1. Within region 70-92, can you find the residues that are without any contact (Cβ under 8 Å) to a residue 12 or more places away in the chain and open to solvent by 100 Å² or more (accessible area, probe 1.4 Å)?
2. Can you work out which of the residues in region 38-80 that are modelled with pLDDT of 85 or more and charged (D, E, K, R) is farthest from Ala7 (Cα to Cα)?
3. Check Cys6 against each of (1) surrounded by 11 or more Cβ atoms within 10 Å (Cβ to Cβ); (2) at positive phi and name the one condition it does not meet.
4. Can you pull out the helices (runs of 4 or more DSSP H) entirely within the chain that have at least 2 residues that are among the small types (Gly, Ala, Ser)?
5. So Asp65 passes all but one of these: (1) of a type outside the set (A, V, I, L, M, F, W, C); (2) over 26 Å from Pro92 (Cβ atoms); (3) free of Cβ contacts under 8 Å to residues at least 12 places away in the same chain; (4) open to solvent by 40 Å² or more (accessible area, probe 1.4 Å). Which condition number does it fail?
6. For Ala24, state whether it is exposed (fewer than 12 other Cβ atoms within 10 Å of the Cβ), closer than 14 Å to Val3 by Cα and at pLDDT 85 or above.
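The values are calculated or read from the model by the stated rules, or taken from the named source; none is laboratory data. Note that the coordinates shown come from a computational prediction; the quantities given were computed from them, not determined experimentally. So basically every Cβ, Gly included, is an ideal-geometry build from the backbone, and we count neighbours across all protein chains shown. Just the protein is used for accessible areas: all its heavy atoms, side chains included, with ligands, DNA and RNA removed. Shrake-Rupley method; radii C 1.70, N 1.55, O 1.52, S 1.80 Å.
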Amino acid sequence: VIVVDCASSDATREILTGASIRGAGLRRILLEDNVGFAGGMNRAIAATSAPFVLSLNADALPETDFVERLLERFSSHPEVRIGAVTGRLLRP
């Protein structure tokens, strides 16, 4: 997991540097400027060599099987070149 903090003014940086997350497989990128959601995502994507990236806004509430369903859909058509898969946005 990579968390990018875009110069937040709340307690995010303190939480990210706290002892409770050490060893939890969490990487943090602390930016000095607010580069926005897309800029933060670009920094996170550039920092990983993972074959897949899940991009979520802070207010997203995905179902528990969300990632499993995306990967299933992605792998169900190996003959097709797929650049991205996404879920459906529901507004309650």
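1. Glu72, Pro78, Glu79, Arg81, Arg88, Leu89, Leu90, Arg91, Pro92
2. Ranking the qualifying residues of region 38-80, first place goes to Glu79.
3. Only one criterion in (1) surrounded by 11 or more Cβ atoms within 10 Å (Cβ to Cβ); (2) at positive phi is unmet by Cys6, namely (2).
4. Details: elements: 12-16, 36-46, 66-75.
Ranges flagged: 36-46.
5. Going through (1) of a type outside the set (A, V, I, L, M, F, W, C); (2) over 26 Å from Pro92 (Cβ atoms); (3) free of Cβ contacts under 8 Å to residues at least 12 places away in the same chain; (4) open to solvent by 40 Å² or more (accessible area, probe 1.4 Å) one by one, Asp65 breaks only (2).
6. Numbers: exposed (fewer than 12 other Cβ atoms within 10 Å of the Cβ): yes; closer than 14 Å to Val3 by Cα: yes; at pLDDT 85 or above: no.
No: the conditions fail for Ala24.
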